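Asker: Dumping the structure here so I can ask a few things about it.
Just so you know, all these numbers are worked out from the coordinates, no wet-lab data involved. Quick caveat: nothing in here was measured; it's all calculated off a predicted structure. Here the Cβ positions follow ideal geometry from the backbone for every residue, glycine too, while neighbour counts run over all protein chains shown.
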Amino acid sequence: MCVDSPLPHLDRPFDYQVPAEAAAAAQPGTRVKVRFSGQLIDGFVLERAAGSDHEGKLSFLDKVVSPEPVLTPRVARLAREVADRYAGTLSDVLRLAIPPRHARAEAAPPAEPPPPFTAAVDGLAWHRYVAGAALLRALADGRAPRAVWTALPGEDWPARLAAAAATSLAAGRGALIVVADARDLDRLDAALLRVLGGPGHHVALSAAAGPSERYKRFLAVARGSARIVIGTRAAAFAPVADLGLVAIWDDGDDLHSDQRAPYPHARQVLLARAELEHCAAIVGGFGRTAEAQQLIETGWAIEVGATREELRRSMPRVVTVGEQERARDNAQAAAARLPTLAWRAARDALNAGAPVLIQVPRRGYLPAVACADCFTPARCAVCSGPLALPAAHGVPSCRWCGRPAADHACPQCGRRRLRAAVVGARRTAEELARAFPDTPVRTSGRDGILTSVPGEATLVVSTPGAEPLADGGFGAVLLLDAWAFLTRADLRGTEEALRRWFAAAALARPGAPVVVVADGGLVAVQALLRFDPAWLAARELAERRELGFPPAVRIAALTGPPAAVAELLSLAELPPGAEVLGPVPAAEEGHERMLVRTTRSAGKALALALKTAAGARSVRKAADPVKIQVDPLDLL
DNA sequence: TCAATCCGTATC
DNA sequence: ATACGGATTGAC
């Protein structure tokens, strides 16, 4: 039995006797109620056994809530592994992995299983990639290839992933594909409907579907009638029977990281799953994360990328224009803070009756402190953490270890000036409207996302991730305030910038101009010019190794009231070589954050030590809990 | 010497 | 959380 308690010291199996009348129903994986320290609580049956090692008396389980085995042994094993990696508890992970029960959905007659899938799968488009054909062949043969797939610009990625999943299905095995948000999920769903020739073989799991529908679809998977699962991050735990392939699209998207303890990342869940279930894995995107690069460099996965020739054929025309090269002779362009080249590209596309995409930073976007001259992020000389400016004119200090950095000089150019402000996104849009008075301006962002726009002369101002598809593609794409992305406060700035640019550039018509307003000498801009995310990812990973950032090392962030964090650290028997950084003030009032850094190989021991210490605190009812995050995305 | 109470600990 | 056991304290 796994009892549903958030207390870390209770994260172990407990044995119960099964009363005779429950003997048939209480199968492994079912939900039960048990009396635990006086109260009735929920739990899952992990396994049935003839005896117990427990010295004391065993209680009887109270009742079987439902005979539906929702927790398969494989998912239980996976959840245990994920809990251990992230210093969390099994029951916390199971809360993410298994949707709440909905009795009515359970009672509904099970869906008719679809006829066996036999249609031929068109995998030809995978031939545009080096090792792409081999990847599909291995899937068709039921082998377990692992690939980092860097998609060509403009690639119909849902169709490619659908073909891969269908290939796995045709080989008699299931598939699981995780995407970042509902929009990507809809596109993938449509692609699967086309490839599979109809519904029934696959389901889409996401919280957006609502509790009843969500549980109904989950049951279709658990009962084995749907063999292909697509979904958002929690779907990574879906109980797909005989799993042949796991895939994640756009693994650099923040949304893949769960917001509930223990904050697992869908990529890591799927990779663990690929190992446990000996199945194929695809990590795909237009960009490439340092984590994906590491999979290639360690030999865990092979690289599936386009040939140079294929790339040349599908690349948009990327041009850069420096911020300083603003039009001084063109009043309209100057008003919009658009360099002449960008303004002309937009005007030409609009004149040709095509929509223009303008990507701007999110409102309220807070970039990190960077060199005012070359935009290199300013880092602490001691621990490599990002610097912060306390007030308009103050001494910058490290956000990780708190040390002041009065004598900071840019390691790239040696200059000392710093900058930390971003141009407002909304204002940019307003000014664009003034610069093109006869053209409708539409916006897409957090407050209202456009899915698609018609192929007409329209300016579309969008924040990253909210870009609509344009009918026929955009006639021009402008990437404004690029420097702000590059100085993002956390350590994924460059990678993130390129991810967003690639995503936007992929929406341009073939041959249409993509204008990035940034210095052409910047590493990320060079990667965009060459359309070479692999090159950037390799550099990025090398840099992380040098600076001691994940994924080259493992870092745990401990956040809470200072006394609680200190107590946790004093109780933890950290693995040898662990480095403790901080404290620095945390976002919440009165809280602070400490970081513990170890090698990757000591990561398991680090997580175990922290969880044991948290258990020791919780057993003695320590008041303030400490938030433990392993390899958090926001390493501020 | 006994019972009421407090504290720490385990929770099958 | 809550229930239990052992230690502690206070009144007879």
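Asker: Ranked highest first by the average count of other Cβ atoms within 10 Å around their residues, in what order do A:547-553, A:229-235 fall?
Answerer: Working: A:547-553: 18.7, A:229-235: 25.7.
Peptide ranking by packing, descending: A:229-235, A:547-553.
Asker: Here is a further query. What is the dipole size for chain A, taken about its Cα centre, with +1 at each Lys and Arg Cβ and -1 at each Asp and Glu Cβ, in debye to the nearest 20?
Answerer: Values: 75 positive and 68 negative charges, 56 e Å.
It comes to approximately 260 debye.
Asker: Run the reach check for residue A:63 against aspartates and glutamates, Cα to Cα strictly under 12 Å, same-chain hits fewer than 8 apart removed. What comes back?
Answerer: Cross-link targets: A:21, A:42.
Asker: Sticking with this structure for a sec: Can you quote the Å³ per residue value for the convex hull of the Cα atoms in region A:553-630, rounded to an integer?
Answerer: Taking the convex hull of the Cα positions in region A:553-630, it is 73 Å³ per residue.
Asker: Shifting gears a bit: Only Cα pairs under 8 Å and at least 6 apart count here; give the relative contact order of chain A as a rounded whole percent.
Answerer: On the way: 1357 pairs, mean separation 84.4, N = 636.
Relative contact order, chain A: 13 percent.
Asker: What's the exposure ranking of A:439, A:320, going from fewest to most Cβ atoms within 10 Å?
Answerer: On the way: A:439 17, A:320 22.
Fewest-to-most ranking of A:439, A:320: A:439, A:320.
Asker: Still on this model: For residue A:186 and residue A:309, what is the calculated FRET efficiency with R₀ set at 35 Å and r taken between the beta-carbons, to the nearest 0.05?
Answerer: Numbers: r = 33 Å, r/R0 = 0.94.
With a Förster radius of 35 Å, E is 0.60.
Asker: Something else: Under a 5 Å amide H to amide H cut-off, with H placed in plane at 1.01 Å, what residues pair with residue A:307 once short-range neighbours are removed?
Answerer: Hits under the 5 Å cutoff: A:130.
Asker: Turning to a different aspect of this structure: Cross-link partners among lysines for residue A:627, C-alpha distance below 16 Å, same-chain residues fewer than 8 apart left out?
Answerer: Within the straight-line limit of under 16 Å, residue A:627 reaches these lysines: A:611.
Asker: So in chain A, what percent of DSSP beta bridges are antiparallel if you round to the nearest 5?
Answerer: Details: 40 of 90 bridges.
Around 45 percent antiparallel, to the nearest 5.
Asker: Fewest to most neighbouring Cβ within 10 Å: what's the order for A:315, A:594? Provide the component values of the computation, followed by the final result.
Answerer: Numbers: A:315 20, A:594 23.
Listed from fewest to most nearby Cβ atoms, that is A:315, A:594.
Asker: Sequence neighbours fewer than 8 away in the same chain don't count; with that in mind, list the aspartates and glutamates whose C-alpha is under 17 Å from residue A:604.
Answerer: Answer for residue A:604, where 17 Å is the Cα cut-off: A:11, A:81, A:84, A:275, A:573, A:579, A:631, listed by chain and number.
Asker: With the crude spin-label approximation of a point 7 Å out along Cα→Cβ, what separation in nm comes out for residue A:588 versus residue A:442?
Answerer: Result for the modelled spin labels: 4.1 nm.
Asker: Once Rh is set to the Kirkwood radius over Cα pairs, what Stokes-Einstein translational diffusion coefficient, in µm²/s, holds for chain A at a temperature of 4 °C and a viscosity of 1.567 mPa s?
Answerer: Working: Rh = 26.4 Å.
Answer, rounded: 49 µm²/s.
Asker: Also: Working out 0.36 nm times the residue gap between residue A:111 and residue A:526, then minus their Cα-Cα distance, what length gain in nm do you get to one decimal? Show your work: numbers first, answer last.
Answerer: Values: separation 415, 0.36 × 415 = 149.40 nm, distance 5.21 nm.
Full extension from residue A:111 to residue A:526 adds 144.2 nm.
Asker: Sticking with the crude label model, points 7 Å out along Cα→Cβ, report the distance from residue A:208 to residue A:633 in nm, one decimal please.
Answerer: If labels sit at residue A:208 and residue A:633, their model points lie 1.6 nm apart.
Asker: Ok, one more. Can you compute the FRET efficiency between residue A:278 and residue A:623 using 1/(1 + (r/R0)^6), with r the Cβ-Cβ distance and R0 = 41 Å? Round to the nearest 0.05.
Answerer: Details: r = 45 Å, r/R0 = 1.10.
E between residue A:278 and residue A:623, to the nearest 0.05, is 0.35.
Asker: Name the long-range amide H neighbours of residue A:280: under 5 Å, sequence gap of 5 or more, or other chain; modelled H, no Pro or chain starts.
Answerer: A:245, A:246
Asker: Let me ask another. For the Cα atoms of chain A, what angle does the longest principal axis make with the long axis of helix A:73-85, in degrees from 0 to 90, nearest 10?
Answerer: It works out to around 60 degrees.
Asker: Okay, next question. Taking the Cα-to-Cβ direction at residue A:573 and at residue A:193 and moving 7 Å from each Cα, how far apart do the two end points lie in nm?
Answerer: The answer from the label model is 5.7 nm.
Asker: Sorted from fewest to most neighbouring beta carbons within 10 Å, what does the list A:186, A:438 look like? The partial results should precede the final answer.
Answerer: Numbers: A:186 15, A:438 6.
Taking fewest neighbouring Cβ atoms as first place, the list is A:438, A:186.
Asker: To the nearest 10 degrees, how steeply does helix A:603-619 sit against the main Cα axis of chain A, on a 0 to 90 scale?
Answerer: Helix A:603-619 sits at roughly 60 degrees to that axis.
Asker: Just want to confirm a number: the relative contact order over region A:124-310, from Cα pairs under 8 angstrom separated by 6+ residues, in percent. Intermediate values should be presented prior to the final figure.
Answerer: Values: 360 pairs, mean separation 60.7, N = 187.
Contact order relative to length: 32 percent.
Asker: Which FRET efficiency value, to the nearest 0.05, is calculated for residue A:242 and residue A:417 with the Förster distance at 56 angstrom and r the Cβ-Cβ distance? Don't jump to the answer; show the numbers that get you there.
Answerer: Values: r = 60 Å, r/R0 = 1.07.
After rounding, the FRET efficiency stands at 0.40.
Asker: Here's a follow-up. Counting only Cα atoms, I'd like the Rg/Rh figure for region A:1-69, Kirkwood definition for Rh. The partial results should precede the final answer.
Answerer: On the way: Rg = 11.2 Å, Rh = 12.2 Å.
Here the Rg-to-Rh quotient is 0.92.
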